[in-house]
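Only one structure is covered here, and it is reproduced in the block below.
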Amino acid sequence: MKHDVSVRFMMMCVLMTVCLISSNMFTTKVFTLWGLVLTGDLLIFPVSYIINDCISEVYGYRLARLSIWIAFLMNFFVVAVAQAVTAIPGAGFWDGGEHFNYIFRMEIKVVVASLAAFFVGSTVNAAVMSLMKRAAGGRLFWFRAIVSSIAGDLADSLIFMPIVFWSLGLEKLLLMIACQVLVKLAYESALLPVTQQIVKILKHKEGTDVIDDGISYNPFRVMDL
């Protein structure tokens, strides 16, 4: 069966994919802000959850699931190619090898943690948004966006942080998880008026406002559109 998707949907998929790939390059940078311990992906990763909210709200869970898989697979492709490129010996006159490899030769635990955290966190975010929309009859978008973001951010951090930063100790690990979730939530909440406006425009332009009913929330039924 043929399934058509709009240009706007494809552009949002592209943007979410770029956010994911970029955040993986930034996530190993650890810094402090006002006493909070944070990672560099904070600047861009929450945008992927905002896009996820928009897709889930306008197009429904099934297309949100498709967008998650697209971002996941493209990120896996970039990571795989990056490992191959870093394995190629650099030219004798090139002095950038150490810095290049530091950025792109990701530890296997970072790769696994990043991919798993994104997939689970984004899927949880989309499913919660969809289920709450059905329960609320399409109302209270702002509340659903916040709750789904909390669920998604928490699932993401509970997977990524322990795998990558366990060596820092339980106390610092719990502090980093709490900081990540709270700051990301503040970030997404601050942009909520923008998110609401984007959703309003998309619903008008696309002529759709899907409320999921009778669908499967199995994250692996990606071809169920």
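The values are calculated or read from the model by the stated rules, or taken from the named source; none is laboratory data. Since this is a predicted model, take the numbers as computed values, not measurements. All Cβ positions, glycine included, derive from the backbone under ideal geometry; neighbour counts span all protein chains shown. To get the accessible areas, we keep the full protein, side chains included, count just its heavy atoms, and leave off ligands, DNA and RNA. Shrake-Rupley method; radii C 1.70, N 1.55, O 1.52, S 1.80 Å.
Does Ala82 fit the bill of being of a type in the set (A, V, I, L, M) and under 20 Å from Phe220 (Cα atoms)?
No; evaluated as a whole, the condition is false for this residue.
Working carefully through the options Phe72, Phe26, Phe45, Phe76, find the one that is under 30 Å from Met129 (Cα atoms), among the hydrophobic types (A, V, I, L, M, F, W, C), in contact (Cβ under 8 Å) with a residue 12 or more places away in the chain and touching a Phe, Trp or Tyr at 6+ places or on another chain (Cβ under 6 Å).
Just one listed residue meets the conditions, Phe72.
Would you mind stating whether Ala113 is hydrophobic (A, V, I, L, M, F, W, C), surrounded by 11 or more Cβ atoms within 10 Å (Cβ to Cβ), under 16 Å from Ile68 (Cβ atoms) and out of contact with any strand residue (DSSP E or B) (no Cβ under 8 Å at 6 or more places or on another chain)?
Answer is no for this residue.
Quickly run through region 138-165 and pick out the residues that are of a type in the set (A, V, I, L, M) and modelled with pLDDT under 90.
Met161, Ile163, Val164
Could you list, in sequence order, the residues of region 64-114 that are under 30 Å from Met12 (Cβ atoms) and of a type in the set (Phe, Trp, Tyr)?
Residues satisfying the conditions are Trp69, Phe72, Phe76, Phe77, Phe104.
Collect the residues in region 107-157 that are under 10 Å from the mean Cα position of the chain (by Cα) and not aromatic (Phe, Trp, Tyr), keeping them in residue-number order.
Taking region 107-157 as the starting set, the residues that turn out to be under 10 Å from the mean Cα position of the chain (by Cα) are 114-115, 117-123, 125, 152-153, 156.
Ser114, Leu115, Ala117, Val120, Gly121, Ser122, Thr123, Asn125, Gly152, Asp153, Asp156 - these are the residues of region 107-157 that are under 10 Å from the mean Cα position of the chain (by Cα) and not aromatic (Phe, Trp, Tyr).
What is the residue count in region 56-81 for residues that are within 15 Å of the chain's Cα centre (by Cα), open to solvent by less than 10 Å² (accessible area, probe 1.4 Å) and not hydroxyl-bearing (Ser, Thr, Tyr)?
5
Can you pull out the residues in region 11-32 that are among the β-branched types (Val, Ile, Thr) and either within 10 Å of the chain's Cα centre (by Cα) or part of a helix (DSSP H, G or I) (or both)?
Selection gives Val14, Thr17, Val18, Ile21.
Which ones in region 28-55 are β-branched (Val, Ile, Thr) and either open to solvent by 10 Å² or more (accessible area, probe 1.4 Å) or at pLDDT 85 or above (or both)?
Thr28, Val30, Thr32, Val37, Ile44, Val47, Ile50, Ile51, Ile55
For region 81-103, which positions are in contact with a helix residue (DSSP H, G or I) (Cβ under 9 Å, 6 or more places away or on another chain), modelled with pLDDT of 80 or more and closer than 26 Å to Ile159 by Cα?
Selection gives Ala82, Gln83, Asn101.
Looking at Trp94, is it over 23 Å from Val183 (Cβ atoms), open to solvent by 10 Å² or more (accessible area, probe 1.4 Å) and without any contact (Cβ under 8 Å) to a residue 12 or more places away in the chain?
Numbers: over 23 Å from Val183 (Cβ atoms): yes; open to solvent by 10 Å² or more (accessible area, probe 1.4 Å): yes; without any contact (Cβ under 8 Å) to a residue 12 or more places away in the chain: yes.
The answer is yes for Trp94.
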